[in-house]
1. If the viscosity is 1.567 mPa s and the temperature 4 °C, what translational diffusion coefficient in µm²/s does Stokes-Einstein give for segment 57-117 when Rh comes from Kirkwood over Cα pairs?
2. Binning at 10 angstrom from zero up to the longest distance, how are the C-alpha pair distances of segment 105-149 distributed in percent?
3. Could you state the number of Å between the C-alpha centres of segment 173-240 and segment 28-47?
4. Among HIS205, HIS215, what is the fewest-to-most ranking by other Cβ atoms within 10 Å?
5. Of the lysine pairs in segment 1-123, how many meet both conditions: Cα atoms under 25 Å apart, and a spacing of 8 or more in sequence or different chains?
6. If you project the alpha carbons of segment 1-97 onto their three principal axes, what span does each projection cover, largest first, in Å?
7. Taking just the alpha carbons, could you work out the radius of gyration and Dmax for segment 162-223, both in angstroms?
8. Using the Cα centre of segment 167-215 as origin and beta-carbon charges of +1 (Lys, Arg) and -1 (Asp, Glu), tell me which of SER213, MET197, HIS168 is placed farthest towards the positive end of the dipole.
Amino acid sequence: MTFSAPQLEQQGYHIFRETFPANVTRAMQAECDRLTSGASGAVSIKKKDAAFAARNVLAASEELRSILGESFYVACIKDILQADAFAVRGIVFDKPFRANWFVPWHQDLTIAIKERRAIVGFENWTVKAGIPHARPPAAILSRMITLRIHLDNTITSNGALQIIPGSHRNGIVSPSEIPDYVRRGSRVCEVGAGGAMLMRPLLLHSSRASDTSVHRRVLHIEFSCDELPEPLEWKWRVPL
Ligand SMILES: O=C(O)CCC(=O)C(=O)O
């Protein structure tokens, strides 16, 4: 096992050497394609009629829950977040030729919540795919962890994630500070099919559009161990 918790805390990310067996990766690819094409329960996100993502994939897929629940990666997350960790959001991202996209440098600052209520510390309410989202206090974000499972070889040319090591350690970064962080140096996270990485949602990250027609499917799952203050509730709270 290659995982080291102190390194994750220092750098804000970890790329595993372990991978899923090829047959399990193929099963996840097929399941994620089914969800991205709008299988019941998942919300397919499209651009010009081509789907490039699906939300709500964990709640919609017993198969993914079962593969992940038995995986080495989730055992690691339970260890980091302590036994009562649960998944709070699951998204599949692809960068298909007809619906390519990029994202500028940012931190993941919002969580999905069942119902909007005015609670101190929960700000910037928005609605994504019909679901209320808000920015919670930084303490909640700083304890969360994201698992990204790569279903294709993900390299610079098909839009691999770029990150700024250590940028998660100062809480929420204001947009005017981002150029300084970028000058300190970024890294491209190339990961093979069936491989995975962990990252803290407060780690600054971005990704370029794909230059190829090769799939770049990533199953992105966010975990927490915090209950929200009443009456707020996580929109999804999937034990794995
Ligand atoms: O998958 C990617 O390339 C980026 C996704 C992203 O920025 C995000 O999850 O916030």
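Every number here is computed from the coordinates shown, using simple stated rules; none is lab data. All values reported here derive from a predicted model rather than from experimental measurement. Cβ placement follows ideal geometry from the backbone for every residue including glycine, while neighbour counts extend to all protein chains displayed.
1. On the way: Rh = 14.6 Å.
For the chosen part, D equals 89 µm²/s.
2. 25, 53, 21, 1
3. Value for the Cα centre distance between the two parts: 20 Å.
4. On the way: HIS205 25, HIS215 20.
In order of increasing Cβ crowding within 10 Å: HIS215, HIS205.
5. Numbers: LYS46/LYS95; LYS46/LYS114; LYS47/LYS95; LYS48/LYS95; LYS78/LYS114.
Lysine pair count for segment 1-123: 5.
6. Ordered largest first, segment 1-97 gives principal extents of 44, 27, 26 Å.
7. 13.3, 37
8. Farthest along the dipole direction, towards plus: HIS168.
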